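This report concerns only the one structure given below.
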Amino acid sequence: MAIWDKLKTELDRAGKAAQGALDEGKTRLEAFRARQLADKAAQALGYAVFRARQSGTEVDWQTLQRLVNALAEKEAEVQRLEKELRDEEKPAAPPTEPPPSPAADSGPA
């Protein structure tokens, strides 16, 4: 029966490792998409400024604020996802063993 318990334990561990890999892949994909959206927001902001300058005007305040806010939102999402990825990559600290109790050290005095 012990072999079945060991097999179950190993399968559980493999399942957790696979789930962790899937979760990391999903987060990486979300980060990639967030970067793309941030790039598009920056591009829209740049185009708005460029077109306004070409026409000899300035970008109206509401449009500028909307584009800047959109870019800030996307950048914040990218930062959050990248932090999440960095946190996932950090190895877990090995468990520390408690110091031996004084009773275990009952040698000759």
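Of all residues in region 19-42, how many are acidic (Asp, Glu) and in contact with an Asp or Glu (Cβ under 7 Å, 6 or more places away or on another chain)? So that I can check it myself, show each step before the final result.
Taking region 19-42 and keeping what is acidic (Asp, Glu), we get 23-24, 30, 39.
Right, trim to in contact with an Asp or Glu (Cβ under 7 Å, 6 or more places away or on another chain) and you get 24.
Within region 19-42, residues that are acidic (Asp, Glu) and in contact with an Asp or Glu (Cβ under 7 Å, 6 or more places away or on another chain) number 1.
Name the residue, out of 84, 73, 88, that is in a helix (DSSP H, G or I) and either among the aromatic types (Phe, Trp, Tyr) or modelled with pLDDT of 95 or more (or both).
On the way: 84 fails: either among the aromatic types (Phe, Trp, Tyr) or modelled with pLDDT of 95 or more (or both); 88 fails: either among the aromatic types (Phe, Trp, Tyr) or modelled with pLDDT of 95 or more (or both).
Testing whether each residue is in a helix (DSSP H, G or I) and either among the aromatic types (Phe, Trp, Tyr) or modelled with pLDDT of 95 or more (or both) leaves just 73.
Among the numbered criteria (1) within 26 Å of residue 80 (Cβ to Cβ); (2) loosely packed, with under 13 Cβ neighbours inside 10 Å, which one does residue 45 miss?
Every condition holds for residue 45 apart from (2).
Is at least one residue of region 48-60 among the β-branched types (Val, Ile, Thr), in contact with an Asp or Glu (Cβ under 8 Å, 6 or more places away or on another chain) and either under 21 Å from residue 81 (Cβ atoms) or in a helix (DSSP H, G or I) (or both)?
Going through region 48-60, the residues among the β-branched types (Val, Ile, Thr) turn out to be 49, 57, 59.
Adding the requirement that they be in contact with an Asp or Glu (Cβ under 8 Å, 6 or more places away or on another chain) leaves none.
No, region 48-60 contains no residue that is among the β-branched types (Val, Ile, Thr), in contact with an Asp or Glu (Cβ under 8 Å, 6 or more places away or on another chain) and either under 21 Å from residue 81 (Cβ atoms) or in a helix (DSSP H, G or I) (or both).
Scan region 54-79 for residues that are farther than 13 Å from residue 41 by Cα and either surrounded by 13 or more Cβ atoms within 10 Å (Cβ to Cβ) or under 26 Å from the mean Cα position of the chain (by Cα) (or both) and jot them down.
Narrowing region 54-79 to residues farther than 13 Å from residue 41 by Cα: 54-62, 79.
Scanning region 54-79 gives 59, 79.
Please go through region 1-40 and pick out each residue that is of a type in the set (S, T, N, Q) and either more than 23 Å from residue 83 (Cβ to Cβ) or free of Cβ contacts under 8 Å to residues at least 40 places away in the same chain (or both). Full working, then the answer.
Step one: filter region 1-40 for residues of a type in the set (S, T, N, Q), giving 9, 19, 27, 36.
9, 19, 36, listed by residue number.
The values are calculated or read from the model by the stated rules, or taken from the named source; none is laboratory data. On a predicted model such as this, the values are computed, not experimentally measured, just so you know. All Cβ positions, glycine included, derive from the backbone under ideal geometry; neighbour counts span all protein chains shown.
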